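Okay, so here's the structure we're looking at.
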Amino acid sequence: QGTLGRRFSRPAVAALRSCSANMSTLVTLSSGTGYLYSLAVLVGKVLLPSLVTDDMPMFDMPIMLLTFIVAGKWLEALAKHRTVSALGALRALQPARAHRVTDVEGGGQQE
């Protein structure tokens, strides 16, 4: 939650200060809620074991959520990089000069 979550929590706090929300706010809220719920269940099991019976702490869920989102962002950046490289290769194939044909039916005059 600390290392992976920090990259989302800082922009989320900045967005909330400006009274707006973005994807970082959603990620921080969901992973933070899962972490706090797991912490509450763990503390409840230790302090009041008779009240918390069936719930299990799920500390792995917020971390998996953050890992999937970071992996998705990495794959997106990789795809963008490959797209830019492919467009550069296509641009290199473009000829420096081209001939324009103006009268196709009358014999094809070239300029």
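The values are calculated or read from the model by the stated rules, or taken from the named source; none is laboratory data. Given the structure is predicted, the values throughout are model-derived calculations rather than measurements. Note: ideal-geometry Cβ built from the backbone for every residue, glycine included; neighbour counts use all protein chains shown. Side chains are part of the model used for accessible areas, which takes the heavy atoms of the whole protein and leaves out ligands, DNA and RNA. Shrake-Rupley method; radii C 1.70, N 1.55, O 1.52, S 1.80 Å.
Counting only residues that are among the hydroxyl-bearing types (Ser, Thr, Tyr) and more than 22 Å from VAL27 (Cα to Cα), how many does the stretch 37-61 have?
2
Any idea how many residues of the stretch 3-55 are assigned to a loop (DSSP other than H, G, I, E, B), open to solvent by 80 Å² or more (accessible area, probe 1.4 Å) and charged (D, E, K, R)?
So the answer is 1.
Do we have any residue at all in the stretch 83-91 that's open to solvent by less than 70 Å² (accessible area, probe 1.4 Å), touching a helix residue (DSSP H, G or I) at 6+ places or on another chain (Cβ under 6 Å) and of a type in the set (A, V, I, L, M, F, W, C)?
No, the stretch 83-91 contains no residue that is open to solvent by less than 70 Å² (accessible area, probe 1.4 Å), touching a helix residue (DSSP H, G or I) at 6+ places or on another chain (Cβ under 6 Å) and of a type in the set (A, V, I, L, M, F, W, C).
Got at least one residue in the stretch 30-53 being of a type in the set (Val, Ile, Thr) and under 21 Å from PHE8 (Cβ atoms)?
yes
Could you check the stretch 56-74 and list, in sequence order, the residues that are among the hydrophobic types (A, V, I, L, M, F, W, C), touching a Leu at 6+ places or on another chain (Cβ under 9 Å) and in a loop (DSSP other than H, G, I, E, B)?
Of everything in the stretch 56-74, just one residue is among the hydrophobic types (A, V, I, L, M, F, W, C), touching a Leu at 6+ places or on another chain (Cβ under 9 Å) and in a loop (DSSP other than H, G, I, E, B), namely PHE59.
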